[in-house]
Each structure stands twice: as structure tokens, then as C-alpha cells.
Amino acid sequence: MKLLGAPLSPFVRKAVIVAAEKNLDYEYDPRPSPLGWTEDFEKINPLKRIPALLPDPDNITYAINDSSAICAYFEKLQPEPALYPSDAEAYGRALWLEEAADTDLANKIGMLVFRPVFFNLAAGKAADIDGAKDGFEKLSELLLPYLESQIGDADWFAGDMFSIADIAVASQLMNLNMVGFAVPEDRFPNLRAHYERCIERPSIAACIEGNEKFISKSGFKIERVIS
């Protein structure tokens with residue numbers, strides 16, 4: 001099978017982490033992205049969104065699109081280790097937190113913090129640090145406090161297991177770190193501790209290392225604003 005999508009996309013990252021947790025082999029094509037679509041990508045996903053997964057790399061007319069669909073497919077393809085709780089309440093909670101991370105959290109991090117820094121640099125402009133700071137404060141008004149309350153003093157978001165909920169949230173928070181905005185420990189200690197637990201996992205650590213190499217190779221200079 002083949003996974004397609006730019007490596008800095010948090011949605012591609014989510015699929016990569018799930019595949020790594022399950023030790024799944026696949027080809028990887030990092031080219032499709034909002035900054036430049038490959039020639040046949042509309043045949044794979046007419047909505048032009050990443051990631052996309054081709055179960056058969058030679059058949060581009062059949063694809064599984066959307067990170068949640070891909071991760072659920074991986075769970076069925078390789079049930080162990082499980083990343084979706086078996087308990088009904090924990091399962092529903094995991095799906096809700098994955099959805100919250102993929103929608104509002106992704107939108108606010110992407111548009112208000114990540115884009116003013118990274119997209120400016122990619123366009124050859126100076127990073128808009130003041131704009132990103134304002135965006136981070138808007139993020140801190142509701143979403144980060146909500147996640148702080150939801151993790152509480154637990155290790156993981158949905159029951160006592162590392163799950164798709166943890167992967168989805170961490171995948172988005174990685175984009176904050178990438179542009180110099182770590183979750184501040186003094187304001188959100190539980191959420192920061194959860195993130196630190198997540199990035200200790202080999203699947204996520206390897207993803208971070210790959211992202212950092214990509215940014216370094218691009219020559220972007222990103223300052224640390226909140227550590």
C-alpha cells in the first residue's frame with residue numbers, strides 16, 4: 001500500500017504514527033500538499049485533501065481518504081496493538097476527542113499559529129510572530145483549557161490505554177512546537193505532561209525527528225517563543 005501527503009501535515013502525521021504503532025509497511029509519497037498537488041491527485045481524492053491511502057499502489061481509482069478513515073482501516077487491517085478502546089464509553093470518548101482534534105483544534109492551530117509562521121517562511125517572508133502569539137492566546141481561551149480538564153491527572157485521554165485520541169491531539173500539538181509554541185507547563189501542566197508522555201513513544205519520536213530534518217533541510221529559522 002502507499003500513503004500520500006506532505007510530512008508536516010498533522011493528518012498525515014496521525015496516519016504515520018498509527019502505522020508505526022502497528023508496524024505496518026507501506027510506500028510513502030510526500031509530494032501531494034496544499035502547496036502543490038501531483039498530476040493525478042484529483043483522481044485519488046477529488047476533494048484535494050491529505051492524507052490518501054492506496055491499498056493497491058497500482059490502482060489510483062480506489063483510495064481511502066481522510067486520516068480518520070485511514071487509521072480505522074489500519075485498526076481493522078492489524079488489530080494489535082489496539083488503538084481504539086473496546087469499552088463502549090472509552091471508545092466513544094476516543095472518537096470524540098479525535099474529532100475535536102481534527103476539526104477545531106486543527107483549524108485554530110493551523111490558521112492562527114502555524115500558518116503565520118511556517119507559511120510566511122515558505123513564501124520567503126518574515127514569520128509573523130506577533131500574529132502567532134495572538135493566535136496562541138485565542139487557542140488558550142477555550143480549547144487548551146478544555147483538553148487540560150479532559151486529561152486531568154490521567155495518563156491517557158480514553159481509559160487506561162494509549163489510543164487514537166492521544167495520537168490525534170499530540171499530532172496537532174506537534175505543529176505548535178514546530179513553530180516555537182510549546183504548551184506552557186505553568187498554564188496547562190496536565191496537557192504538557194501528556195504531550196511529553198506521547199513524544200517518548202518511538203512512533204512519535206521518529207515522526208518528530210523526520211519533521212525536524214525536513215525543516216532543517218528547508219533552511220527555515222524558527223525561534224522558540226514559548227518553551
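The values are calculated or read from the model by the stated rules, or taken from the named source; none is laboratory data. As the structure is a prediction and not an experimental result, all values here were calculated from the model. Neighbour counts run over all protein chains shown; Cβ positions are idealised from the backbone, glycine included.
Odds and ends about this structure:
For (1) within 18 Å of Val225 (Cα to Cα); (2) in the same structural domain as Lys22 (by TED's automatic domain parsing); (3) aliphatic (A, V, I, L, M); (4) without any contact (Cβ under 8 Å) to a residue 12 or more places away in the chain, each residue gets a yes or a no:
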site: Leu97; (1), (2), (3), (4): no, no, yes, no
site: Ala106; (1), (2), (3), (4): no, no, yes, no
site: Leu112; (1), (2), (3), (4): yes, no, yes, no
site: Phe119; (1), (2), (3), (4): yes, no, no, yes
site: Ala123; (1), (2), (3), (4): no, no, yes, yes
site: Ala127; (1), (2), (3), (4): yes, no, yes, no
site: Lys133; (1), (2), (3), (4): yes, no, no, no
site: Phe136; (1), (2), (3), (4): yes, no, no, no
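- Residue match in the range 121-135 (condition: crowded, with 21+ Cβ neighbours inside 10 Å, touching a Phe, Trp or Tyr at 6+ places or on another chain (Cβ under 8 Å) and not in a loop (DSSP other than H, G, I, E, B)): yes
- The residues of the range 61-99 that are aromatic (Phe, Trp, Tyr) and within 23 Å of Ala154 (Cα to Cα), listed by number, are Tyr84, Tyr91, Trp96.
- Criterion violated by Ala82 - all others in (1) outside the structural domain of Phe162 (by TED's automatic domain parsing); (2) closer than 30 Å to Pro145 by Cα; (3) crowded, with 17+ Cβ neighbours inside 10 Å satisfied: (3)
- Checking each residue of the range 36-59 against the condition of being touching a residue at least 40 places away in the same chain (Cβ under 8 Å), farther than 22 Å from Gly210 by Cβ, surrounded by 14 or more Cβ atoms within 10 Å (Cβ to Cβ) and not assigned by TED's automatic domain parsing to the domain that holds Gln172 gives at least one match.
- Selection within the range 195-226 - outside any loop (DSSP other than H, G, I, E, B), surrounded by fewer than 11 Cβ atoms within 10 Å (Cβ to Cβ) and under 16 Å from the mean Cα position of the chain (by Cα): Pro202, Glu209
- Among the residues making up the range 59-86, those that are within 18 Å of Glu99 (Cβ to Cβ) and part of a loop (DSSP other than H, G, I, E, B) are Asp66, Leu83, Tyr84, Pro85.
- Residue, modelled with the lowest pLDDT, within the range 116-167, restricted to residues that are aromatic (Phe, Trp, Tyr) and in contact with a helix residue (DSSP H, G or I) (Cβ under 9 Å, 6 or more places away or on another chain): Phe118
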